[in-house]
4 protein chains.
Amino acid sequence: MLVVMEEGASETQIQEVIDRLVGMGFDVHRSSGVRHTVLGGVGAKDFDPAEVEVMAGVKEAHRISSPYKLASRSFRPQGSVIRVRDVDIGGDRVVVMAGPCSIETPEQIEIIASLVAEAGARAIRGGAFKPRSSPYSFQGHGEEGLKMIREAADRNGLLVISEVMDHIQIPMMMPYVDIFQVGARNMQNFNLLRELGKLRKPVLLKRGIAATIEELLLSAEYILAGGNYDLILCERGIRTFETYTRNTMDISAIPVVKKLSHLPIAADPSHGTGRRDKVAPMARAAVAAGADALLIEVHHDPDKAWSDAAQTVGPEQFRELMKQLRMIAPAVGRSL
Amino acid sequence: MLVVMEEGASETQIQEVIDRLVGMGFDVHRSSGVRHTVLGGVGAKDFDPAEVEVMAGVKEAHRISSPYKLASRSFRPQGSVIRVRDVDIGGDRVVVMAGPCSIETPEQIEIIASLVAEAGARAIRGGAFKPRSSPYSFQGHGEEGLKMIREAADRNGLLVISEVMDHIQIPMMMPYVDIFQVGARNMQNFNLLRELGKLRKPVLLKRGIAATIEELLLSAEYILAGGNYDLILCERGIRTFETYTRNTMDISAIPVVKKLSHLPIAADPSHGTGRRDKVAPMARAAVAAGADALLIEVHHDPDKAWSDAAQTVGPEQFRELMKQLRMIAPAVGRSL
Amino acid sequence: MLVVMEEGASETQIQEVIDRLVGMGFDVHRSSGVRHTVLGGVGAKDFDPAEVEVMAGVKEAHRISSPYKLASRSFRPQGSVIRVRDVDIGGDRVVVMAGPCSIETPEQIEIIASLVAEAGARAIRGGAFKPRSSPYSFQGHGEEGLKMIREAADRNGLLVISEVMDHIQIPMMMPYVDIFQVGARNMQNFNLLRELGKLRKPVLLKRGIAATIEELLLSAEYILAGGNYDLILCERGIRTFETYTRNTMDISAIPVVKKLSHLPIAADPSHGTGRRDKVAPMARAAVAAGADALLIEVHHDPDKAWSDAAQTVGPEQFRELMKQLRMIAPAVGRSL
Amino acid sequence: MLVVMEEGASETQIQEVIDRLVGMGFDVHRSSGVRHTVLGGVGAKDFDPAEVEVMAGVKEAHRISSPYKLASRSFRPQGSVIRVRDVDIGGDRVVVMAGPCSIETPEQIEIIASLVAEAGARAIRGGAFKPRSSPYSFQGHGEEGLKMIREAADRNGLLVISEVMDHIQIPMMMPYVDIFQVGARNMQNFNLLRELGKLRKPVLLKRGIAATIEELLLSAEYILAGGNYDLILCERGIRTFETYTRNTMDISAIPVVKKLSHLPIAADPSHGTGRRDKVAPMARAAVAAGADALLIEVHHDPDKAWSDAAQTVGPEQFRELMKQLRMIAPAVGRSL
């Protein structure tokens, strides 16, 4: 921690801050300039700079070491490649995961699995629990739905990624999914993160709509700290004052995560924009900016999708998009 | 729902939208102006306007009825007063709930209970589970802590309010707390909300840091829909680009909630600002704007608090604040 | 400036940063910890920390001294009181400035001047140039309007505050106004600020809707640096994701400015909320939080106001509000 | 305008709203549903929905027609191509405009002009007036600088784009620039926009950091309304709670502007990110999302640039980026 004392801070005030820092477990270095005295604290594990910032005579206090360690790029400078069965995420190929918002019927999921596999997707997505903001909406098929998606995935050589809403669902979901998806609303559900950290199964963690990139990495730390290193992060839009799009997809988070962390980063242009006709431009932008994977909502008849219809693309749009992505990937040294 | 067609939308496009609306359960009224045709849909229960907005020829689609019903002011125009034992929340008196961030020791909680009761608080707050963003921090005393706070509260004639983090904690917490507090991160934890809706015990629901007021009311609807009407809402700061304060406390949410809903609204200036010296001004502002209750972090020795030290006020500051609030309340027809 | 080197930064990288800092005019202090080397730079005048942050081996760079000096509290620890004719702003009395959005007719401005003076306002506000976001709206009466407001003010013993939109309007406005108001959109119009800095007439500077408090103080510095110390700052709402109110009025900016700067701080609840029925609660909140002055849109017949009708209060509401403010002010050691 | 009355609004209230709408110049259509009465107003030119929204019995009021007309896509469904000398903006080729933040010396601008021309840029950018947020910084060379950039541009077959800060600078700048650039801080400087509307010279208008896309289009309307149709819009980042990047570049604004307007849209990844190493990923993303032009800060020795050094790329990075953009453009049917 770095503490900058106010101009005119008294020697007593400076000494009190030093004592406090020592009490918090820091080695303290003192450096006095013309206007300000600066104290550098080194070595403490976990602390809140604001606690020092409220002390008398203190102008500001900054954290130096990132509070995340296992998630930081310096932990694995070469970057992580997450292997899920025969698919590498974070490697040379950009991995597309596509499918409906909700698992609806065995027929629906089979049609979609077959169409996304044919177009080049490597995983099928589909929700069995639907955390709707209105209590009066369709809430998902649960385990029955997971069976449907597993079978469709197996028939089409796809991985299954599906959202876990609550830690009590984990054991039930284990046999069906290849990747546990954690939604934006659960990014700071620490009980859930802790349980996922105990697994040896890949997790995709979405950024919350009001979360900074640093907070996303700190949530990642929870899972890594449990020993589960098979972790993929995902940008899906943050909330801003712009109302035309549901959220503002923060494409710059992709290169920022790449710099700060070794973990692969995916992008979800469907939730990131909330509008069907914006999915393709933002998917292209994400790959051009260096995304390792994409999560896209696809339905064979989007207007009839039971949920998220407005942001779901149809078969033709999806195939066209895959074609464009194949042209863009080589510009960043990747293939699809 | 109101649907505005684009200028030059064809008759076929208009007809397709009408068919879709009818299919969604709406009665449709058509109104044609010089430039735009407008369709008014009445009667459907739950829907996403974006589904219509992506149809050909549609310029925009708006929801008319609020998606919340039980939470809306029109449900109880006179406003709700929540009675918790002998304390009324939403009535003539502004209710102050105060106490430490974490329950630390029996001595600590007793000292604080006694000091806040003497100063005029009606409830003691204190956390037994600490959802820290870093996995390496103190995580709370659990049931042991709840016992401590219950005893201290009983000795000092106070209610107990404490945060529930997960629905599996509810049965254990039931005997100890008078009000279940739902934190900002759990505002859209629908499993938790649903379980709280089944109780007949008061709940205080905090606004998420990226939640609109409408979303707060929709989360309230989850609890009300279960039959639990003893609900208090709470403003505690939203995330904006301003970084000097941890969050920007949206004081205007207080009169807005008062207009849109019958539910009482509390304010939490400790989390709302993150800084000890800003707690008093914002507490005063909240009461002046019409808040029904306040939630304030108080510790007998704030610098030594185990958590949230930077935003916790000491005994002297708390007493001084209570004195100021007693002067302000009459300006809005209240007492303390 | 404080520069934190990355773990494992080479000695060459550290030396290059030191050379750069010296080249920028800093005295450099070096401090090496277990994981990080920290460099403290003292003494340079103006610089961009990002320039160092992009150098090889640098983890982060922070500015220590605030880039504003004349605006900072340490420049005048006791605070500034701005005397405008016989009115003190920043002293014991909270000053209310009220009036219509636009100056419409001599009759209108006389009626309003008389009613706000009677209710206790000390200044009349009214715009002669209307910077409308649509090019097709009423654009103001210009000098003719200023004559009207000056005469009405003089007849009623009020100061005149009116907005200056462009530096070329200053000489024309000089004889009519007592306080030049700078609107939110012009907070960073540095040509305008520079010209106002040359005057010896008070200025009220509004915070931009996307400006941090630090940026507001830096804009204040422009005016102060020119030698004009009669400056009042004003909070009027920032843009956030919340859409129910036009802007989110940042009440916490009031105590924050009080701490960081010696300048008086006003609040404008009319623009801060955009809704008539929210003006009174937010005006009360502002005074309770310590505001030195209020700027309120009042019209004798608000529904017929030529501009800003939705956020303008009528005579009855204004008188009622003044009564409430008189009750609140003593709680913060003020009168009205 | 669409007005939704509250449930239980009285017939008198409804009639008062109808009268008001008629008074504002609307033809009114009334439609009564089970719970709400809806009034559709057609035909008025300019109005503020909030004026009706504050009337008794009104639940909400929405604008139907966009307040911009000349800027809307329906005005020129095929899209606009802006011809500047021999360069088309908005056509098949993506146009790159590159150069230093400030014009420093004749040698500097010549070196940079030659290097960006060689790499494939079609215009050189460079500022002659520097609107620095600190009053103590370098403020630009003025006309002298414009002469330097004009000569360098002519020698290298480039267009000149440079920022105009104030309408009084226009006549002086006319002989030197091919495109007037309006910076983010001036997006709502209506005096400046009005003067630029009278010219017959191209303008590039940047989005303000707190401006919605609709507000950008409304500012565009000011220029178009004056008869100047040679207008290019530009996304350069909006302010959000994320602090790692200076702004959050809203890549989705590119396809949104394309849908709502016929005007070409450029992207400025230098200001959009504020960090040199993020310029290339965001430039690639912008082209992949459909941008018509890019504005990039390039310097032959970025570390020594007099301003914006942190976000300026060097020759090698720029050439590498141009190569990548040439690979991406074909995926969206463009070339470079």
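Between residues in segment A:77-96 that are open to solvent by 20 Å² or more (accessible area, probe 1.4 Å) and residues that are hydroxyl-bearing (Ser, Thr, Tyr), which pairs lie under 6 Å by C-beta distance while being six or more apart or on different chains?
Listed by first residue and then by second, the contacts come to A:Gly90/A:Ser80; A:Arg93/A:Ser335.
Which residues, taken from segment A:250-272, are under 17 Å from D:Asn247 (Cβ atoms) and either out of contact with any Asp or Glu (no Cβ under 7 Å at 6 or more places or on another chain) or more than 8 Å from chain D (Cβ to nearest Cβ) (or both)?
Correct list: A:Ile251, A:Ser252, A:Pro255, A:Val256.
Pairs please, first residue from segment B:1-15 and more than 10 Å from chain D (Cβ to nearest Cβ), second anywhere and part of a loop (DSSP other than H, G, I, E, B) and of a type in the set (D, E, K, R), Cβ atoms under 9 Å, 6+ apart in sequence or on different chains.
Listed pairs, sorted by first residue: B:Met1/B:Arg63; B:Gln13/B:Glu6.
When you scan segment D:213-223, do you find a residue that is away from chain C (no Cβ under 11 Å) and not in a helix (DSSP H, G or I), even just one?
No - not one qualifying residue is present in segment D:213-223.
Here are some conditions: (1) in contact with a strand residue (DSSP E or B) (Cβ under 8 Å, 6 or more places away or on another chain); (2) within 12 Å of chain D (Cβ to nearest Cβ); (3) open to solvent by 10 Å² or more (accessible area, probe 1.4 Å). C:Ala280 meets all but one. Which one does it not meet?
Only one criterion in (1) in contact with a strand residue (DSSP E or B) (Cβ under 8 Å, 6 or more places away or on another chain); (2) within 12 Å of chain D (Cβ to nearest Cβ); (3) open to solvent by 10 Å² or more (accessible area, probe 1.4 Å) is unmet by C:Ala280, namely (2).
Counting only residues that are over 29 Å from C:Met249 (Cβ atoms) and either buried (at least 20 other Cβ atoms within 10 Å of the Cβ) or more than 13 Å from chain A (Cβ to nearest Cβ) (or both), how many does segment B:198-208 have?
Residues meeting the conditions: 4.
Step by step: first the residues of segment C:16-35, then only those that are closer than 23 Å to A:Arg63 by Cα and modelled with pLDDT of 85 or more, then the one that is most open to solvent (accessible area, probe 1.4 Å). Which residue is that?
The selected residue is C:Ile18.
Filter segment B:209-219 down to residues that are within 24 Å of B:Thr273 (Cα to Cα) and touching a residue at least 60 places away in the same chain (Cβ under 8 Å) and give me whichever is surrounded by the fewest Cβ atoms within 10 Å (Cβ to Cβ).
Restricting to residues being within 24 Å of B:Thr273 (Cα to Cα) and touching a residue at least 60 places away in the same chain (Cβ under 8 Å), the top hit is B:Glu214.
Here are some residues: C:Ala61, C:Ala50. Which one is under 23 Å from A:Ser72 (Cβ atoms) and in contact with a Pro (Cβ under 6 Å, 6 or more places away or on another chain)?
Among C:Ala61, C:Ala50, only C:Ala61 is under 23 Å from A:Ser72 (Cβ atoms) and in contact with a Pro (Cβ under 6 Å, 6 or more places away or on another chain).
Report the residue count in segment C:272-289 for those that are in contact with a Lys or Arg (Cβ under 6 Å, 6 or more places away or on another chain) and touching a residue at least 40 places away in the same chain (Cβ under 8 Å). Write out each step before concluding.
Filtering segment C:272-289 for residues in contact with a Lys or Arg (Cβ under 6 Å, 6 or more places away or on another chain) gives C:272, C:274, C:288.
Still in the list and also touching a residue at least 40 places away in the same chain (Cβ under 8 Å): C:288.
Going through segment C:272-289 one residue at a time, the tally reaches 1.
Here is a check on your reading of the model: is A:Arg236 open to solvent by 10 Å² or more (accessible area, probe 1.4 Å), in contact (Cβ under 8 Å) with a residue 12 or more places away in the chain and in contact with a Gly (Cβ under 6 Å, 6 or more places away or on another chain)?
Judged against the criteria, A:Arg236 is a match.
Only one of B:Leu146, B:Leu115 is modelled with pLDDT of 95 or more and over 30 Å from B:Gly333 (Cα atoms). Can you tell me which?
Every option except B:Leu146 fails the conditions.
If C:Tyr229 passes every condition in (1) more than 7 Å from every other protein chain (Cβ to nearest Cβ); (2) buried (at least 21 other Cβ atoms within 10 Å of the Cβ); (3) in a loop (DSSP other than H, G, I, E, B) but one, which one does it miss?
(2)
Does A:Leu192 satisfy the condition of being farther than 27 Å from B:Met55 by Cα, open to solvent by less than 20 Å² (accessible area, probe 1.4 Å), hydrophobic (A, V, I, L, M, F, W, C) and modelled with pLDDT of 95 or more? Steps first, please.
Working: farther than 27 Å from B:Met55 by Cα: yes; open to solvent by less than 20 Å² (accessible area, probe 1.4 Å): yes; hydrophobic (A, V, I, L, M, F, W, C): yes; modelled with pLDDT of 95 or more: no.
In short, no.
Find all pairs meeting these conditions: Cβ atoms under 8 angstrom apart; at least six residues apart or on different chains; first residue within segment C:325-336 and part of a helix (DSSP H, G or I); second residue polar (S, T, N, Q).
Once the first residue is part of a helix (DSSP H, G or I) and sits in segment C:325-336, its partners that are polar (S, T, N, Q) give C:Arg326/C:Ser335; C:Ala329/C:Ser335; C:Ala331/B:Gln324; C:Val332/B:Gln324.
For segment D:296-329: of the residues being open to solvent by 60 Å² or more (accessible area, probe 1.4 Å) and over 24 Å from D:Cys101 (Cβ atoms), which is nearest to the other protein chains (Cβ to nearest Cβ)?
Per the stated criteria, the residue is D:Met327.
Looking at segment B:158-171, I want the residues that are closer than 13 Å to B:Gly183 by Cα and at pLDDT 95 or above and have a partner that is surrounded by fewer than 18 Cβ atoms within 10 Å (Cβ to Cβ) and not small (Gly, Ala, Ser) with Cβ atoms under 8 Å, at least 6 apart or on another chain. Which pairs are those?
Note: pairs meeting the criteria are B:Val164/B:Ile170.
Can you tell me which of (1) modelled with pLDDT of 95 or more; (2) in a loop (DSSP other than H, G, I, E, B); (3) touching a Gly at 6+ places or on another chain (Cβ under 6 Å) is the one B:Lys130 doesn't meet?
(1)
Is there a residue being at pLDDT 85 or above and of a type outside the set (Val, Ile, Thr) anywhere in segment A:36-46?
The answer is no, given that none of the residues of segment A:36-46 is at pLDDT 85 or above and of a type outside the set (Val, Ile, Thr).
Given the conditions (1) facing chain A (nearest Cβ under 8 Å); (2) crowded, with 18+ Cβ neighbours inside 10 Å, report the number of the one that B:Ile124 does not fulfil.
Checking B:Ile124 against (1) facing chain A (nearest Cβ under 8 Å); (2) crowded, with 18+ Cβ neighbours inside 10 Å, the one that fails is (1).
If I filter segment B:177-191 for residues that are in a helix (DSSP H, G or I) and either more than 13 Å from chain A (Cβ to nearest Cβ) or within 10 Å of the chain's Cα centre (by Cα) (or both), do I get at least one hit?
There is at least one residue in segment B:177-191 that is in a helix (DSSP H, G or I) and either more than 13 Å from chain A (Cβ to nearest Cβ) or within 10 Å of the chain's Cα centre (by Cα) (or both).
Being in contact with a Lys or Arg (Cβ under 9 Å, 6 or more places away or on another chain) and under 27 Å from D:Ala289 (Cα atoms): is that true of A:Ala253 here?
yes
Which of (1) open to solvent by less than 10 Å² (accessible area, probe 1.4 Å); (2) at pLDDT 95 or above; (3) out of contact with any strand residue (DSSP E or B) (no Cβ under 9 Å at 6 or more places or on another chain) does C:Thr245 not meet, given it meets every other one?
(2)
The conditions are (1) more than 14 Å from every other protein chain (Cβ to nearest Cβ); (2) closer than 25 Å to C:Arg73 by Cα, and C:Arg155 fails exactly one of them. Which is it?
Exception for C:Arg155: condition (2).
Filter segment C:49-63 down to residues that are within 16 Å of C:Asp19 (Cβ to Cβ), more than 10 Å from chain D (Cβ to nearest Cβ) and either buried (at least 17 other Cβ atoms within 10 Å of the Cβ) or charged (D, E, K, R) (or both), then give me how many there are.
The number of residues fulfilling the criteria is 2.
The values are calculated or read from the model by the stated rules, or taken from the named source; none is laboratory data. Small disclaimer: the values here were computed from a predicted structure and weren't measured. Virtual Cβ from ideal backbone geometry, glycine too; neighbours counted across all protein chains shown. Please note that ligands, DNA and RNA were not included when accessible areas were found on the heavy atoms of the full protein model with its side chains. Shrake-Rupley method; radii C 1.70, N 1.55, O 1.52, S 1.80 Å.
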